[in-house]
1. By the scheme Lys and Arg +1, Asp and Glu -1, what is the net charge of all other residues having a beta-carbon under 12 Å from that of Thr50?
2. Enter the accessible area of Val27 (Å², nearest 10), with the probe set to 1.4 Å and all protein chains included.
3. Quick one: how many Å² of Glu65 are accessible to a 1.4 Å probe, rounded to 10?
4. Using a 1.4 angstrom probe on heavy atoms only, work out the carbon and sulfur share of the accessible area of the chain in %.
5. Hey, if we sort Tyr64, Tyr84 by accessible area with the 1.4 Å probe, largest down, what's the order?
6. Can you give me the accessible area per residue for the chain, using a 1.4 Å probe, in Å²?
7. Over the chain, what number does the Rg to Rh ratio reach, with both radii from the alpha-carbon atoms and Rh per Kirkwood?
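The values are calculated or read from the model by the stated rules, or taken from the named source; none is laboratory data. Because the structure is a prediction, the values reported are computed rather than measured. Virtual Cβ from ideal backbone geometry, glycine too; neighbours counted across all protein chains shown. Heads up: the accessible areas ignore ligands, DNA and RNA and are worked out on the full protein's heavy atoms, side chains in. Shrake-Rupley method; radii C 1.70, N 1.55, O 1.52, S 1.80 Å.
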Amino acid sequence: MTKQEISQILEGLVNDFIDEKIGKGEVVDKLITSINPLEIYNLENELLITDCYFAIKHLGEDGYETTIKELVYFRECFMGIKKYDTEQKNQFILGQI
């Protein structure tokens, strides 16, 4: 699977979840069945993809739940509104920007 294909799957999952087309359990199931984690581990310097993958994977985990605000940040990156930056993402999630 190419980086572009993985990115498209992640973008679709984020959009479907934010738009309430699918719930937490379904989005995690689709992630697990659509993307081989080894392909994520093999990507170098693709922080948007790897960070988004793990954010979705942990979406429903107690103590590690991903916030909607974080997913909105990913969506804006996929749409080209924002350029992915870890520090900016953290500030966005905390409401500082």
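1. Working: positive: Lys3, Lys57; negative: Glu39, Glu44, Glu46, Asp51.
That works out to -2.
2. Accessible area, nearest 10 Å²: 0 Å².
3. Near enough 100 Å² of accessible area.
4. Working: 2830 of 5840 Å².
With neighbouring chains kept in place, the figure for the chain is 49 percent.
5. Working: Tyr64 160, Tyr84 40 Å².
So, going from the largest accessible area down, we get Tyr64, Tyr84.
6. On the way: 5840 Å² over 97 residues.
Per residue, the chain has an accessible area of 60 Å².
7. On the way: Rg = 12.6 Å, Rh = 13.5 Å.
With Rg and the Kirkwood Rh in hand, the quotient comes to 0.93.
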